[in-house]
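Engineer: Starting off with a structure, shown below.
Bear in mind that the values in this text are calculations on the coordinates, not laboratory data. Note that the coordinates shown come from a computational prediction; the quantities given were computed from them, not determined experimentally. Here the Cβ is made from the backbone with ideal geometry for all residues, glycine too, and neighbour counts use every protein chain on show.
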Amino acid sequence: MGNEDVLRYISPGAWSLVEPLISSRAKGIISTLITFLEDVIPAEHLYHSQISDDPAKRWKTVPSVLPKLQRRAKDLGLWNLWLSGGEFQNLAGGQGGGLTNLEYAIMAEIMGHSLVIAPQACNCSAPDTGNMEVLARFGTKDQKQKYLTRLLDGTIRSSFAMTEFGIASSDATNLKNTSAQASGSGLKLIGHKWWISGAGDPRNEIHIVLAVTDPSNSSPYKRHSLLLVDPRAKGVEIVRPMTVFGYDDAPEGHCEVKYNGVQVDFETGVVGGKAGLGRGFEMIQARLGPGRLHHCMRAVGAASRALDLLLLRATDPARKTFGKQLRGHGTVLADIAHCRAEIEQARFLVLSAARQIDLNRAKGALKEIGISKFTVPGVALRVLDRAMQVYGAEGISQDQPLAAMYAGLRTLRYADGPDEVHIQQIGKTELKRVDELRERAERIARVRAKL
């Protein structure tokens, strides 16, 4: 791969640091992905135009351009790139790119330039990736065959139903209004969720639902289980699609869902079978770690695209105010400089976290993942806001992608844990260093006193 390809997307400084850790095979995939992306971006307008405005059809069809792009991605070897090598890849039946998390971080950033379509085209989009991870790590053989195989093939989609209506869901131990009680040979699920991504998708064939199954357990972390629910089963009610700043993200959507006495079998309907009861929190932690970083990887790419659009507008000779191009105004130049600096900072945070996952697995990279999670979305949003400002009113209209990108990225400050939760965790982690720091300071003071 010629460096000129990747340097159109990744800065020379960042690339020079990570290139020795990127295999020749991964470099070839990056080059192919860049070529593919530059065919995906022109298809964005067609994709959105193929989503019907008719409410009766809007949630029943998938834009026809997407399957074509998916077939091409498969042919090019760009399918399931998110599946890292080693143990997890083996759990998923050997599928995936066999890449390191660091290698995938570069690829996910590139896909982030087309935030909606490119990840879908490569079968690398949420919530499916996290759900596949849960099934690969904890599902029974039958559950993997029924759901994981088809998710890996991209023939179905899925949802993860965690956030509850009327409950402060950022503290997951609060989740209590969705419960499943023993009923005959299984469980009866009753509950009320919302902001369930993908629940409007006609391809959706499985909801993974976090529900209370042991409310009297002394540990709040052993009261919940993950249940597998067919969205077309009796008792599943898709109440409505929620909107983010007016965007409904059809045909996937983020829906309010009620489970009105849905019957769930112990062995087939509990992740891991009956042995999986009470392990819901354990399973969701395995799901959330890498997924949080995947969002950040793509957010860096989205921010980079926004800066590219800003530069095009600022240098457009037809756009002059007060006798000079936008590039001639100091405030615009300052915006450009701040965008570049913050994108570089965000990228290094993500690459550092990805490297730590490779070295120490997700559990050993919680600090780096957490810092990325509460920092990177904010960076991307600031970059997008500056780009929209330079575009004027057009920047917040349907004639540019910036407003839709902003809406999509704003949700990341809540998704997989709000900023405040991650900030508190990192603050507490830093405080653990105090005893060592105090001992060091006292040692220095003793030495200084002797001098």
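Engineer: Quote the relative contact order of region 158-280 in percent (integer), defining contacts as alpha-carbon pairs under 8 Å separated by 6+ residues.
Structural biologist: 30
Engineer: I would also like to ask the following. Wrap a convex hull around the Cα atoms of region 44-84, take a quarter of its surface area, and give that in square nanometres.
Structural biologist: Averaged projected hull area, Cα only: 3.7 nm².
Engineer: Once amide H atoms are placed 1.01 Å from N in the peptide plane, what residues at a sequence separation of 5 or more from Leu99, or on another chain, have their amide H within under 5 Å of its amide H?
Structural biologist: For Leu99, whose amide H was placed from the backbone, the distant partners under 5 Å are Gly85.
Engineer: I would also like to ask the following. Given bins 5 angstrom wide, list per bin the percent of all Cα-Cα distances in region 1-83, short to long.
Structural biologist: 3, 12, 19, 18, 15, 12, 9, 6, 4, 2, 0
Engineer: Which value, in Å to one decimal place, does the Kirkwood hydrodynamic radius take for region 234-345 when every pair of different Cα atoms is included?
Structural biologist: Result for region 234-345, one decimal place: 19.3 Å.
Engineer: Can you compute 3J(HN,Hα) from phi for each residue in region 370-377, using the Karplus curve 6.51 cos²θ - 1.76 cosθ + 1.60 with θ = phi - 60°, rounded to whole Hz and x for Gly and Pro?
Structural biologist: Result, rounded to whole Hz: x, 4, 4, 5, 8, 9, 5, x.
Engineer: Output the Cα-based Rg and Dmax of region 237-290 in Å, rounding Rg to one decimal and Dmax to a whole number.
Structural biologist: 15.4, 42
Engineer: Specify the inter-centroid distance of region 161-183 and region 99-124, based on alpha-carbon positions, in whole Å.
Structural biologist: Result: 31 Å between the Cα centres.
Engineer: On to the next question. For Ala199, enumerate residues with amide H under 5 Å from its amide H, sequence gap 5+ or separate chain, H modeled in the peptide plane.
Structural biologist: Residues meeting the criterion, in which the H sits 1.01 Å from N, are Cys255.
Engineer: So for each of 102-112, 131-141, 25-35 I average, over its residues, the number of other beta carbons within 10 Å; can you give me the resulting order with the highest mean first?
Structural biologist: My ranking of the peptides, most packed first, is 102-112, 131-141, 25-35.
Engineer: When the Debye formula is applied to the Cα atoms of region 282-435, each taken as the same point scatterer, what base-10 log of I(q)/I(0) results at q = 0.11, 0.17 Å⁻¹?
Structural biologist: Listed by q, the Debye log ratios stand at -0.49, -0.93.
Engineer: Taking Cα centroids, how far is region 21-53 from region 316-377 in Å?
Structural biologist: Using only Cα atoms to place each centre, the spacing works out to 21 Å.
Engineer: Give me the tail of P(r) for region 3-153 as a percent: Cα-Cα pairs with distance above 28 Å.
Structural biologist: Cα-Cα pairs in region 3-153 separated by more than 28 Å: 26 percent.
Engineer: Using amide H atoms built in the peptide plane, which far-off residues or other-chain residues are under 5 Å from Leu187 H to H?
Structural biologist: Under 5 Å from the amide H of Leu187 lie the amide H atoms of Val264, Asp265, Phe266, each far enough along the sequence or on another chain.
Engineer: How large is ³J(HN,Hα), in whole Hz, for each residue of region 132-138 in order, when computed from phi with the Karplus curve 6.51 cos²θ - 1.76 cosθ + 1.60 and θ = phi - 60°, using x for Gly and Pro?
Structural biologist: Per residue, the Karplus-derived 3J(HN,Hα) values read 5, 5, 4, 5, 5, 7, 10 Hz.
Engineer: Would you please report the Å³ per residue occupied by the convex hull of the alpha carbon atoms in region 153-305?
Structural biologist: Expressed per residue, the convex hull around the Cα atoms of region 153-305 is 134 Å³.
Engineer: Among 65-75, 51-61, how do they line up by average Cβ neighbours within 10 Å per residue, starting with the highest?
Structural biologist: Result, highest mean Cβ count within 10 Å first: 65-75, 51-61.
Engineer: Another one. Where the convex hull is taken over the Cα atoms of the chain, what is its projected area averaged over directions, in nm²?
Structural biologist: The number I arrive at for the chain is 26.8 nm².
Engineer: If you bin every alpha carbon distance in region 324-405 into 5 Å steps from zero, what whole percent lands in each bin?
Structural biologist: Reading the bins upward from 0: 3, 15, 19, 16, 16, 11, 9, 7, 4, 1, 0.
Engineer: What distance in nm separates the simple spin-label points at Phe322 and Arg232, each placed 7 Å from Cα in the Cβ direction?
Structural biologist: 6.2
Engineer: Test of understanding: ordering Thr129, Thr321, Thr149 by Cβ neighbours within 10 Å, fewest first, what list do you get?
Structural biologist: The fewest-first ordering by Cβ neighbours comes to Thr321, Thr149, Thr129.
Engineer: Another one. In percent, how large is the relative contact order of region 318-408, given Cα pairs closer than 8 Å and 6 or more residues apart?
Structural biologist: Relative CO of region 318-408 lands at 20 percent.
Engineer: Hey, what do the phi angles of region 147-155 turn into as Karplus ³J(HN,Hα) couplings, whole Hz, using 6.51/-1.76/1.60 and θ = phi - 60°, x for Gly and Pro?
Structural biologist: Residue by residue, region 147-155 yields 10, 4, 4, 6, 5, 5, 7, x, 8 Hz.
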